[in-house]
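K.L.:
The structure under discussion is supplied below as structure tokens; questions concerning it will follow.
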Amino acid sequence: MSGIVGILNLNGAPVDQQLLRRMTDSMAFRGPDAQSVWQRNQIGFGHTLLRTTDEAADEHQPFSFDDLVWIVADARIDGREDLVRTLNATGRDASLQRPDVELILHAYQVWGEACVEHLLGDFAFAIWDETKLRLFCARDHFGVKPFFYAQLGDCLVFSNTLNTVRLHPAVSDELNEQTIADFLLTGYNYENAATVFASILRLPAANTLVCTMNSLRMCNYWSLPVDGYIRYKRSGEYVEHFNELLYKAVADRIRNDCVAVSMSGGLDSTMIATATNNLLSADGQSNKLQAFTLVYDHLIPDRERHYSNLAAQSLGIPIHFLPLDNYGLYERWDRPELQASEPNDFPFSAFVFDYLSGMARHSRVRLTGEGGDSLLCPSESYFTRLLKNGRVDLLARYIGRHLWLHGQIPPLGFRSVVKRWLGRQQTWQWQYPVWFNQDFARQLNLRARLQQLEGEPPSIHPTRPEAYNQLNNGYWASYFEKWDPGMTRVPIEGRHPLFDPRLVEYLLAIPPIPWCVNKELFRVSMQGWLPDEIRYRKKSPLAGNAVYELLQQKGNEWVDNFSPTPMLEKFVDRRAIPKLVGEQDVNQLWLNIRPLGLNMWLQNFKLGDFNSN
């Protein structure tokens, strides 16, 4: 993931080259291959290059065809053959052998701001059009690539690295109190356009930003479809179509010398590993793929080592294990490489850094199976709607097929629905913290805020409302950012084939029964490729909680004795935080550990370490 930065002085003043270089230097960890800046009058771009595709061998950024329209990008473009064919049909001279940044610029030259409607992939880019005195910026469909910006009076600053934006002297360190409150309430930021800093914003996923000398506007260019409807005569056609799209999504993400895959022993990641291995083997490059797995061997019950090793043996690929048993809570939290740009409630940043660093020694590209649970989550509302509409015949046919294939009735969720109707099933809810500073809580009306966040989302999609709402949740962009080099400081690019828009649109259009029940589509597609022990493994969370287990051990009493920074007291009443050691409720543990995580972040923030990339 290359680093990008830009400064636009709206009053026409020339860009400070020394500042631009310093901001570009701050991203050197993102792009060790090349570093360059370009500046002309009131506009300046900086770029640090991480080569992750074969076509990037001679890539240079910032880039221009004509010295009038310039681009800086952190991007991987998918569906390149179709895009090049379409571009050349308009008279452009696009080539598959050229870097992705050039394809984006070709697209802009043809379609202008509508270019994003023709682009697939993960991207964050900015284009300066000298002919229109216009800055055009865009972020990909699901927000895999970050994009931060700040409008500072007569200046606009942007970057895909939050701390880089902070280096501009006009950017204030004032905190966004609503973002802090949401973090303390839920563990992450619910406002997809906000950051923890009041003057710095995020460009939301699937949005463009256009800045001229006298205006700034944002526009959404894509949203999850709700009108897709695919019905085939043969059940095998659903699997064939899925496999076609899956292999396209994976192929578009392995255009480089070697690949690492984050592979647990579950179905989603092993399916991605299988597709990757099959594609590479077909090209005689099966030795390019290696698997990496996080395991517990004794701290908590965990069979990931067994299942992931079984998958690796079946595929014939090397696998590397990182045991997590001996990592302590907030281990190495004060080391510069572990100092996150925003607060988080995850106390194991050390093993994330070690895990990614191990993969980065093999590859600059990391594939994941993220998204499978959301894409194929059960659709209880659809099942009950079939009953209400009298479509017992359709429901019976689907149930019969599942019974014939698996020897049991599919878990359609009727029992859960009935329990909710009878008031006998407890649904999980956010818990209001007892330790809020009361003045702060009253000022932001945090009880009402929690009720707002707990509200039932509208049922928008006609057959897959649960999947639609999960995929549309701002959680995913937040999750991707937590694994981005801007947060981890490890130069390795995460790629997520299941978040390919082509694949997502297909999976939202097919019949929920039987294909979304117990991930039937994934299991059938892997028949003959993965051992049945993995294909039919039931989805199950870890049988224990690492935070809970560590707090049962001696030496962790410090978590209940930390000294609050003066800044924490504005948000939290330190005296009201319950003891973590001895707490039996895991949900309470995760809730009550957030003030500690925020305190550690504030300590680094206070020391100014965030401004020393």
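The values are calculated or read from the model by the stated rules, or taken from the named source; none is laboratory data. Here the structure is a predicted model, which means the values were calculated and not measured. Here the Cβ is made from the backbone with ideal geometry for all residues, glycine too, and neighbour counts use every protein chain on show. Ligands, DNA and RNA are stripped out before the accessible areas are found, and what is left, the full protein with its side chains, is counted by its heavy atoms. Shrake-Rupley method; radii C 1.70, N 1.55, O 1.52, S 1.80 Å.
K.L.:
Calculate the length of the line joining the C-alpha centroid of region 165-208 to that of region 53-126, in whole Å.
P.N.:
Value for the Cα centre distance between the two parts: 30 Å.
K.L.:
Taking +1 at the Cβ of each Lys and Arg and -1 at the Cβ of each Asp and Glu, which of Pro531, Ile254, Leu224 sits farthest along the dipole of the chain towards its positive end, judged by Cα position relative to the Cα centre?
P.N.:
Positive-end residue among those listed: Pro531.
K.L.:
Which links in Lys248/Lys288; Lys539/Lys579; Lys248/Lys538; Lys145/Lys570 stretch past 29 Å when you go from one Cα to the other? Numbers along the way, then the final one.
P.N.:
Working: Lys248/Lys288 18 Å; Lys539/Lys579 32 Å; Lys248/Lys538 27 Å; Lys145/Lys570 33 Å.
Result: Lys539/Lys579; Lys145/Lys570 exceed 29 Å.
K.L.:
Tally up the carbon and sulfur contribution to the accessible surface of region 484-569 as a whole percent, 1.4 Å probe, everything protein left in place.
P.N.:
Working: 1680 of 3310 Å².
After summing per-atom areas, the C and S share lands at 51 percent.
K.L.:
Right, something else. Could you check the spin-label model distance between Val226 and Ala114? Points 7 Å from the Cα along Cα→Cβ, value in nm.
P.N.:
2.5
K.L.:
Would you be so kind as to identify which of Gln339, Ile319, Asn287 lies farthest towards the positive end of the dipole of the chain, taking Lys and Arg as +1 and Asp and Glu as -1 on Cβ and the Cα centre as origin?
P.N.:
Towards the positive end, the residue furthest out is Ile319.
K.L.:
For the chain, what is the accessible area per residue in Å² when the probe is 1.4 Å? Can you show the working numbers first?
P.N.:
Details: 25460 Å² over 613 residues.
That works out to 42 Å² for each residue.
K.L.:
Then there is this: Hydropathy first: keep DSSP H helices in the chain averaging at least -1.0 on Kyte-Doolittle, then drop any whose Cα extent along the axis falls short of 15 Å, and list what survives.
P.N.:
Both cut-offs are met by 100-111, 235-251, 267-282, 304-315, 349-360, 392-406, 594-607.
K.L.:
About its Cα centre, what dipole magnitude does the chain give when the only charges are +1 on Lys and Arg Cβ and -1 on Asp and Glu Cβ, stated in debye to the nearest 20? Mind showing how you got there, number by number?
P.N.:
Values: 61 positive and 70 negative charges, 341 e Å.
About 1640 debye.
K.L.:
With θ taken as phi - 60° and the coefficients 6.51, -1.76 and 1.60, list the Karplus ³J(HN,Hα) couplings across region 155-168 in order, rounded to whole Hz; mark glycine and proline as x.
P.N.:
9, 10, 10, 9, 5, 8, 10, 4, 5, 5, 4, 5, 6, 5
K.L.:
Turning to a different aspect of this structure: Just by accessible area at a 1.4 angstrom probe, what is the order of Val524, Val116 from largest to smallest? Walk me through the numbers on the way to the answer.
P.N.:
Numbers: Val524 35, Val116 5 Å².
Solvent-accessible surface, decreasing: Val524, Val116.
K.L.:
Determine the calculated [θ] at 222 nm for the chain from helices alone, applying -39500 (n - 2.57) to every DSSP H run no shorter than 4 residues and normalising by the residue count; nearest 500 deg cm²/dmol. Don't skip to the end; give the middle numbers.
P.N.:
Numbers: 25 runs with 222 residues, N = 613.
Taking each H run of at least 4 residues, the total per residue is -10000 deg cm²/dmol.
K.L.:
Leaving ligands, DNA and RNA out of it, rank Met27, Met213, Met487 by accessible area with a 1.4 Å probe, largest first.
P.N.:
On the way: Met27 0, Met213 60, Met487 35 Å².
The ranking, largest first, comes out as Met213, Met487, Met27.
K.L.:
Continuing with this model, one more query. State the Cα centre-to-centre distance between region 296-333 and region 465-502 in whole Å.
P.N.:
22
K.L.:
Take each of the peptides 256-263, 140-147, average the number of other beta-carbon atoms within 10 Å over its residues, and list them starting from the highest. Can you show the working numbers first?
P.N.:
Values: 256-263: 22.9, 140-147: 25.4.
Ranked by mean Cβ neighbours within 10 Å, highest first: 140-147, 256-263.
K.L.:
How would you order 214-220, 9-15, 328-334, 226-232 from highest to lowest mean count of nearby Cβ atoms within 10 Å?
P.N.:
On the way: 214-220: 10.6, 9-15: 14.6, 328-334: 16.6, 226-232: 12.3.
Ranked from most to least packed, the peptides come out as 328-334, 9-15, 226-232, 214-220.
K.L.:
Region 544-590 to region 251-287: how many Å between their Cα centroids?
P.N.:
Using only Cα atoms, the two centres lie 40 Å from each other.
K.L.:
If you don't mind, there's one more thing I want to ask. Of Ile510, Trp590, Val144, which is farthest along the charge dipole of the chain in the positive direction, counting Lys and Arg as +1 and Asp and Glu as -1 at C-beta?
P.N.:
Of the options given, the answer is Ile510.
K.L.:
Between Arg217 and Arg442, what is the label-point separation in nm under the 7 Å Cα-to-beta-carbon projection?
P.N.:
4.4
K.L.:
Also: What net charge do the residues around Leu367 carry, taking every other residue with its C-beta under 9 Å from that of Leu367, with Lys and Arg at +1 and Asp and Glu at -1?
P.N.:
Every neighbour counted, the sum reads +3.
K.L.:
Just reorder Ser281, Ser269, Ser95 by solvent-accessible area, largest first, 1.4 Å probe, all chains present. If you can, show how the numbers build up before the last one.
P.N.:
Numbers: Ser281 60, Ser269 10, Ser95 35 Å².
My answer, sorted largest first, is Ser281, Ser95, Ser269.
K.L.:
Sorting check: for 306-319, 450-463, which peptide has the highest mean count of neighbouring beta carbons within 10 Å, and how do the rest follow? Don't skip to the end; give the middle numbers.
P.N.:
On the way: 306-319: 18.3, 450-463: 13.1.
Per-residue Cβ counts within 10 Å, averaged per peptide and sorted highest first, yield 306-319, 450-463.
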